[in-house]
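Here's the structure, in structure tokens; my notes come after.
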């Protein structure tokens, strides 16, 4: 039997609102669960039921499939070296066309970002992996702060990988409405 805590203890009916579920390893704070949220310790939940963030490698591959397949490298001084032509670009001259932020699965303080950039010297489309937050080096912080934000360009989605943006895009008008006339509702 489950009891409601209030001015007096009373039993909760089985059909009432979701009940907090406490699991081991939560240090007494517990986890609120309901019927629509799968719990990873539940034997009925499969790996496909629990949403997962893409890995760093999946994000890099997604940008690569959109043509951003070259590498660029951040220096401690806050410049970027193109992996194709070797040119060094100062942070204010670096144009960032897309950013995909990640947090560590086991440690949310493990903050990383993937930047999609175009080399101003050779037009190579590249990605750079940078840390942000307290773990970022002074050079990485400089790149985050001083790079030219071009996420509004038509080159890539600003805050997602091309695959993520395509998966979450709404249907176009032609997809949503077929050419067939729809029956009118009867009055």
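Annotation: of all residues in segment 131-140 being touching a residue at least 60 places away in the same chain (Cβ under 8 Å) and surrounded by fewer than 16 Cβ atoms within 10 Å (Cβ to Cβ), the one that is nearest to residue 104 (Cα to Cα) is 137. Among the residues examined, residue 168 qualifies as exposed (fewer than 10 other Cβ atoms within 10 Å of the Cβ), modelled with pLDDT under 85 and either under 20 Å from the mean Cα position of the chain (by Cα) or within 17 Å of residue 101 (Cα to Cα) (or both).
Selection of segment 63-108 for residues being under 22 Å from residue 135 (Cα atoms) and under 20 Å from the mean Cα position of the chain (by Cα) yields 96, 98, 99, 100, 101, 102, 103, 104, 105, 106, 107, 108.
Restricting to segment 120-140, and then to whatever is in a loop (DSSP other than H, G, I, E, B) and farther than 17 Å from residue 71 by Cβ, can you tell me which residue is nearest to the chain's Cα centre (by Cα)? That would be 132. Checked across segment 89-106, the condition of being part of a loop (DSSP other than H, G, I, E, B), modelled with pLDDT of 90 or more and surrounded by fewer than 16 Cβ atoms within 10 Å (Cβ to Cβ) holds for no residue. Scanning segment 65-86 for residues that are surrounded by 15 or more Cβ atoms within 10 Å (Cβ to Cβ) and without any contact (Cβ under 8 Å) to a residue 40 or more places away in the chain yields a single hit, 81. Restrict the check to segment 18-28 and report whether at least one residue is part of a loop (DSSP other than H, G, I, E, B), under 27 Å from the mean Cα position of the chain (by Cα) and either at pLDDT 95 or above or closer than 30 Å to residue 143 by Cα (or both). The answer is no, given that none of the residues of segment 18-28 is part of a loop (DSSP other than H, G, I, E, B), under 27 Å from the mean Cα position of the chain (by Cα) and either at pLDDT 95 or above or closer than 30 Å to residue 143 by Cα (or both).
Pairs linking a residue in segment 145-161 that is within 16 Å of residue 132 (Cβ to Cβ) to a residue that is in a helix (DSSP H, G or I) and modelled with pLDDT of 90 or more, with Cβ atoms under 9 Å and 6 or more positions apart or on different chains, are 145/91; 146/91; 146/92; 147/91; 147/92; 147/93.
The values are calculated or read from the model by the stated rules, or taken from the named source; none is laboratory data. Everything quoted here is computed from the prediction, not taken from an experiment. Cβ atoms come from the backbone with ideal geometry, glycine included; neighbour counts cover every protein chain shown.
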